[in-house]
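*Asks:* Attaching a single structure in structure tokens format; questions to follow.
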Amino acid sequence: MEVKRPVLLTIIAGIILAGVIYYIYTSSFEDAKVLLSHAKSSILSWKGWGFEERINCSDTYVFVKGNVSLATHEISTSISVVPKQGSPEAYLFYSNKSTSLVNLEGAWISRGRGWDVEDLLVLRLLDVAMNSTEIYIRGIPEGKVILFNSTCGKTCLDVFTLTAALTETKISSPSVVSGRIKLTLNGQPESLVVVFKGEKGVCRLEYDLIPYNEQPLIIKP
């Protein structure tokens with residue numbers, strides 16, 4: 001069967017366009033992974049950072065503010081939980097290499113072991129992004145934005161489990177995760193937004209961080 005020239009040119013153009021789109025997507029995907037890897041490395045080079053974390057689920061809201069010191073391996077935070085139904089509560093949290101403590105109404109209570117670097121929430125959120133099946137880069141004047149979307153795999157479920165424990169949300173395991181990570185001009189992470197979507201509800205986690213060149217203030221027991 002003879003293919004007319006205009007039709008043949010259209011087919012060839014379509015094949016070339018598909019190849020270009022595939023190249024742009026794969027290049028963006030790999031470039032985004034490189035940027036996320038650099039973001040993790042930059043965090044680990046800091047002495048510490050201050051952060052604000054807001055978790056807004058369908059049935060509860062949590063606000064966390066605190067400091068992380070990599071130099072002394074300590075974390076101190078204040079946590080406020082405001083359920084849609086029930087009474088709000090607030091408490092302090094402290095953790096080092098060997099122990100974790102919670103201050104409830106003036107008394108420090110042991111909550112188990114200390115933390116390892118790989119336990120840090122911001123690093124685990126970056127891992128969720130890196131493990132996503134769709135990752136895109138968008139340039140902005142003040143840096144870059146990484147957008148990602150994926151089904152919620154093991155890394156995602158592990159992070160959501162920690163989030164659910166903190167918020168005491170009744171939402172079950174999510175099936176989809178998506179998010180946005182804002183990077184500065186030198187590739188350092190500035191803010192992260194991650195949305196966990198399940199059949200019975202949604203949890204939106206916002207995490208803003210400020211790097212410290214000096215030892216951050218840690219509230220100790």
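The values are calculated or read from the model by the stated rules, or taken from the named source; none is laboratory data. Keep in mind it's a predicted model, so treat the numbers as computed, not measured. Don't worry about glycine lacking a Cβ; one is built from the backbone with ideal geometry, like all the others, and counts go over all protein chains shown. Surface accessibility is based on the protein's heavy atoms, side chains included, excluding ligands, DNA and RNA. Shrake-Rupley method; radii C 1.70, N 1.55, O 1.52, S 1.80 Å.
*Asks:* How charged is the neighbourhood of PHE51? Take every other residue with its Cβ under 13 Å from the Cβ of PHE51, and add Lys/Arg as +1 and Asp/Glu as -1.
*Replies:* Around PHE51, the surrounding residues sum to -3.
*Asks:* With a sphere of radius 15 Å drawn around the Cβ of PRO88, what net charge do the other residues whose Cβ falls strictly inside it have (Lys, Arg +1; Asp, Glu -1)?
*Replies:* Residues near PRO88 contribute -2 overall.
*Asks:* For segment 111-221, what class follows from the C-alpha gyration tensor (a ≥ b ≥ c being the square roots of its eigenvalues): rounded when a/c is under 1.5, otherwise prolate if a/b is larger than b/c, else oblate?
*Replies:* The shape class here is oblate.
*Asks:* With a length cut of 27 Å (Cα positions projected on each helix's long axis) and a Kyte-Doolittle mean of at least 0.5, go through the chain and give me the DSSP H helices that pass.
*Replies:* Those that clear 27 Å and a mean of 0.5 are 5-44.
*Asks:* Sort TYR61, TYR207 by heavy-atom solvent-accessible area, probe 1.4 angstrom, most to least.
*Replies:* On the way: TYR61 70, TYR207 10 Å².
Ranked from most to least accessible, the order is TYR61, TYR207.
*Asks:* Find how much the distance from PHE63 to VAL202 grows on full extension, using 0.36 nm per residue of separation minus their present alpha carbon separation; answer in nm with one decimal.
*Replies:* Once the chain is fully extended between PHE63 and VAL202, it gains 48.4 nm.
*Asks:* Which net charge results when you count Lys and Arg as +1 and Asp and Glu as -1 among the other residues whose beta-carbon is under 13 Å from that of ALA164?
*Replies:* -1
*Asks:* Would you give the gap between the C-alpha center of segment 31-105 and the C-alpha center of segment 154-221, rounded to a whole Å?
*Replies:* Cα centroid of segment 31-105 versus Cα centroid of segment 154-221: 9 Å apart.
*Asks:* Using the Cα centre of the chain as origin and beta-carbon charges of +1 (Lys, Arg) and -1 (Asp, Glu), tell me which of LEU147, LEU123, ASN96 is placed farthest towards the positive end of the dipole.
*Replies:* LEU147
*Asks:* A follow-up question, please. Just list whichever of LYS84/LYS197; LYS97/LYS220; LYS65/LYS154; LYS47/LYS220 have alpha carbons separated by over 24 Å in the model shown. Can you show the working numbers first?
*Replies:* Values: LYS84/LYS197 18 Å; LYS97/LYS220 13 Å; LYS65/LYS154 27 Å; LYS47/LYS220 18 Å.
Checking Cα-Cα distances, LYS65/LYS154 exceed 24 Å.
*Asks:* Below 14 Å, Cα to Cα, which aspartates and glutamates can LYS33 reach? Residues fewer than 8 away in the same chain don't count.
*Replies:* Those aspartates and glutamates meeting the cut-off are ASP127, GLU134.
*Asks:* Sticking with the crude label model, points 7 Å out along Cα→Cβ, report the distance from LYS154 to VAL176 in nm, one decimal please.
*Replies:* 2.5 nm
*Asks:* Related question: For mean projected area of the Cα convex hull in nm², several values are listed as (1) 12.9; (2) 17.2; (3) 16.4; flag the one computed from this structure.
*Replies:* Only one option fits the structure, namely (3).
*Asks:* Name the aspartates and glutamates eligible as straight-distance cross-link partners of LYS200: C-alpha to C-alpha under 13 Å, and not fewer than 8 places from it in the same chain.
*Replies:* Of all the aspartates and glutamates, those that pass the test against LYS200 - Cα under 13 Å, at least 8 places apart if same chain - are ASP59.
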